[in-house]
1. Counting only residues that are within 9 Å of another protein chain (Cβ to nearest Cβ), touching a residue at least 24 places away in the same chain (Cβ under 8 Å) and in a helix (DSSP H, G or I), how many does the range A:62-105 have?
2. Looking at (1) crowded, with 17+ Cβ neighbours inside 10 Å; (2) over 19 Å from the mean Cα position of the chain (by Cα); (3) within 26 Å of residue B:183 (Cα to Cα), find the lone condition where residue B:84 falls short.
3. Which one of A:140, A:133 is within 11 Å of chain B (Cβ to nearest Cβ), in a helix (DSSP H, G or I) and surrounded by fewer than 22 Cβ atoms within 10 Å (Cβ to Cβ)?
4. Test residue A:80 against the stated conditions and say whether it is assigned by TED's automatic domain parsing to the domain that holds residue A:188 and either over 30 Å from residue A:193 (Cα atoms) or modelled with pLDDT of 95 or more (or both).
5. Can you name every one of the helices (runs of 4 or more DSSP H) wholly within the range A:164-212 that holds 3 or more residues which are in the same structural domain as residue A:129 (by TED's automatic domain parsing) and within 18 Å of the chain's Cα centre (by Cα)?
6. I need the full set of residues from the range B:31-54 which are over 15 Å from residue B:108 (Cβ atoms) and touching a residue at least 12 places away in the same chain (Cβ under 8 Å), in order please.
7. Could you list all residues from the range A:116-129 that are closer than 19 Å to residue A:179 by Cα and exposed (fewer than 10 other Cβ atoms within 10 Å of the Cβ)?
8. Can you name the residue in the range B:153-164 that is touching a helix residue (DSSP H, G or I) at 6+ places or on another chain (Cβ under 9 Å) and more than 14 Å from every other protein chain (Cβ to nearest Cβ) and, of all such residues, is surrounded by the fewest Cβ atoms within 10 Å (Cβ to Cβ)?
């Protein structure tokens, strides 16, 4: 029988502290299993949000030994159990109770992004035709489960709390999925530059590093959007070209 | 934009619950980049030993390529416009490297990979993922001075031009002149060094994020441009290992200069 010590943050919006719990670790366990075991045996009032236990709902986001992770996808055999294992709520958002945070800001941000606006249907039956090559790029972005681990690790939100000026990596991925879609006709570049603050991203790639769906957030979503913004607003030759030939972008 | 109902708690510099060796990568980055900047600055100021014509070879250091003007009294055989221009202010030291090094330096300085790396290693912004920062104020690349990083694509244009010069230098390194003045094909160790330099710099430059955008990333209907689609796929393939190409090319370009500088006093090892 192997026992591990967990230091779990207990508290609410007013404050809190770490409490130690020793629990038995068996083969095949993930951190969420250990948390549930502690909840069942040692701390019935421990609050933890979870749902699918399969890495698809994005509910059990927390910080394990300081790194944002899904509790249900972090296997115990990948963690050194000789030292106490720290579990905290995600830091970028207000704590509600114990490991549960209020991530509602994200849903409000999502509403500020211009919605999908497809061109008129290609066929009389109201359907469209798309080439696979054109949708390949955006399909990666649709894997997002909105766990908000990328938002949590992003230092612009986490440390600098630019929640009024910057939408964060999750919503840059969302914008990329819309803006690069072959059917979409909406123009989001001005919003990206001003209201959504893409310039605040300094491409540290931490968001990519923690994404449980392995979306290449920085290279495939954020940087291409930065380049599109540069095309429109920061490239004098392109500006001149547009003036001479009357093209929008 | 909506705001959170309560701000999260700020952490002090270096404060983290991480128990891994998170500081190793930024420290190695700091040491690696510092060593390169230090060496390349020293090499640029030397204004000598930047080419090797001994043993019939024709090697040129990439820190000095293309040579616009040779230093007075030195004849590299690569100068495009002769020797040191008369208009160069006498109180300033002259080196052919001063005239060209701004371009590769600017390309790397504004490179998306290096930006993320040196913001962490030199500016601790952040020191590493989920580690507390030293400063409260943060402007990012949203305003001056870092908004200038958007100039990266212009440095890319120049860097692509440099690839042609460096390829030509590698080609020249394959031809050896004998005592009678006749040229013959050959491979010296320097030929391999200069050729690998082109390969590494090519892998780095042609995997650039800006190039990826310019060749096809800006389009939403790339299927209508098959050639662009091919180019986009190739650049994307290189881009996946952009960090690796960046470090390999950085090391090798420095090594190439060291090698040519070494040869300026010694004799090359002829392979073929």
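The values are calculated or read from the model by the stated rules, or taken from the named source; none is laboratory data. Treat the numbers as computed from the prediction; the structure is a model and nothing was measured. Quick reminder, even Gly has a Cβ in these numbers, built from the backbone with ideal geometry, and neighbours come from all protein chains shown.
1. Final tally of qualifying residues: 1.
2. Condition not satisfied by residue B:84: (3).
3. Values: A:140 fails: within 11 Å of chain B (Cβ to nearest Cβ).
Going through A:140, A:133 in turn, just one is within 11 Å of chain B (Cβ to nearest Cβ), in a helix (DSSP H, G or I) and surrounded by fewer than 22 Cβ atoms within 10 Å (Cβ to Cβ): A:133.
4. no
5. On the way: elements: A:169-179, A:189-193, A:206-210.
So the answer is A:169-179, A:206-210.
6. Within the range B:31-54, the subset over 15 Å from residue B:108 (Cβ atoms) is B:31, B:42-43, B:45-54.
Listed by number, the residues that qualify are B:43, B:45, B:46, B:47, B:48, B:49, B:50, B:51, B:52, B:53, B:54.
7. Selection gives A:120, A:129.
8. Among them, the one singled out is B:161.
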